[in-house]
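The next block holds one structure in the form of structure tokens; read it before the comments.
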Amino acid sequence: MTEQAASGLERFRILLVEDDDGDALLVEELLFDTDLPHVLVRCRSAAEARRALAAAPVDCVLLDLHLPDASGVRTVQAIQPDTHAAIIVLTGLDEPRAGVDALAAGAQDYLVKGKVEPDLMQRAVRYAVQRKQAERANAALAMGRLRAEENARLERGLLPEPILTSSAVTASSRYYPGRAQALLGGDFLDVVQTEDGQIHAVIGDVSGHGPDAAALGVCLRIAWRSLTLGGHREQHLLHLLEQIHIAERAVSDLFTTCTLITLDPAAATLTLHLAGHHEPLLLTPEGTREVAAPHGIALGIAPGLGKWPATTLALPPRGALVAYTDGLIEGFADPSGARLGVDGLLRIIDSVRAPDPGTHLDQLIARTRTLNADRHTDDLAILRLDWNTGTPGGE
């Protein structure tokens, strides 16, 4: 190993892959005569180079095209999968096409042996490293754009536009991933109104995070909408959703909690079915309370054995129902490490004074996230249904 350093300057880590001792010495002397601070390691074959690259990353590979175990463009193809470094190939005087072919195979530059001066060597290494870094940055940006597009498609699937025609009922929702720039999780929600005037809603949470959970959440949300519009209700609907959950989940340990909501303005009733999910909150002019409702088991935990009892309550003439996933209440409430919980959420809701439902949700989430201070990173989804029917039984 040879080393030349300029005080305070970062060294270029260079791997020379050359089996000829004379040519290797010429390259070492050229690098020594440049102002390029560097560390040089030499290998004699493609196999040895791959082992060296696996042991420690480098910035640039100076690659001879004629090695004992690879020749021509195949030398680039042999090295490239094992490194993110810039590759500069070393060609002979009688190989006019070899450098061009190497560029087409992915090398950043080529140098002709015997025609290289120190200044040319220095510029070639610097520019090749910069070009490779730019290529990687562009690839990362492209991947980021692709991920954003995929997230947008998943978000549209998880959080669709409600099918709601009643002027007496409005729906507001929010979704936040657990971490900035993270993939969406499996939280989903939906609202539809059927021809009989009833408003049906669902909010659910697939266990886990990432594309598998999000894809299953999209599938369940679409299935719920289709089955609900097709006339399926209550226990039968949940059994069908569980069958779809089992058929579509990527791994056998995924499960889904959800709440089914049926709001009937004409009958002035609100009916809930809880499948391992939190009880929603009822907001009225008199205050906010958690709706007492029995739980059934989450979908996918004990297939075919689930029982999900209905809870029906009288619908106040004016009010709102807030259903949410556990990311809203499992965050921290103070520096001591105490969780927010339902009691903490109720205190926040009672302190928020925002007449607009969407603004109310924004302020509620902002308060919980400020208290949590990014210490808990679960996704959260929240759905608010507001109604003003004037009098019980009226719309």
Carbon plus sulfur fraction of accessible area for the range 165-280, probe 1.4 Å, in percent: 51
Among C219, C258, C60: highest mean-square fluctuation, GNM of the chain, C-alpha pairs under 10 Å: C60
Counting DSSP beta bridges with both ends in the chain, the antiparallel % (nearest 5): 70
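How big is the Cα convex hull of the range 223-343 in projection, averaged over all directions, in nm²?
The Cα convex hull of the range 223-343, projected and averaged over all directions, gives 9.4 nm².
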I need the peptides 264-272, 98-106 ranked by packing, meaning the mean over residues of other C-beta atoms within 10 angstrom, with the highest value on top. 264-272, 98-106
Everything considered on the Cα gyration tensor (a ≥ b ≥ c; rounded for a/c under 1.5, else prolate if a/b is larger than b/c, else oblate), the chain must be described as prolate
Cα-projected label distance for D69 with I222, points at 7 Å along beta-carbon direction, nm: 4.8
Nearest-0.05 FRET efficiency for S351 and I246 at R0 = 35 Å, using Cβ-Cβ distance, is 0.25
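Nothing charged except the Cβ atoms of Lys and Arg (+1) and of Asp and Glu (-1): what's the magnitude of the dipole of the chain about its Cα centre? Round to the nearest 20 debye.
Roughly 820 debye for the chain.
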Just the accessible area per residue of the chain, please: how many Å² with a 1.4 Å probe? 47
Amide H partners (placed H, <5 Å) of R13, local residues excluded: V39, D59, C60
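Calculate what fraction, in whole %, of the accessible area of the range 76-116 sits on carbon and sulfur atoms when a 1.4 Å probe is rolled over the protein chains.
Carbon and sulfur: 52 percent of the exposed surface of the range 76-116.
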Using a 1.4 Å probe, how large is the accessible area of R11, given in Å² and rounded to the nearest 10? 100
Listed residue (A142, V41, A268) projecting farthest to the positive dipole end of the chain, Cβ model: A268
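The values are calculated or read from the model by the stated rules, or taken from the named source; none is laboratory data. No experiment lies behind these values; they were computed from the predicted model shown. Every residue, glycine as well, gets a Cβ built from its backbone with ideal geometry; the counts of neighbours run over all protein chains shown. For the accessible areas, the whole protein counts, side chains as well, though only heavy atoms, and no ligand, DNA or RNA atoms are used. Shrake-Rupley method; radii C 1.70, N 1.55, O 1.52, S 1.80 Å.
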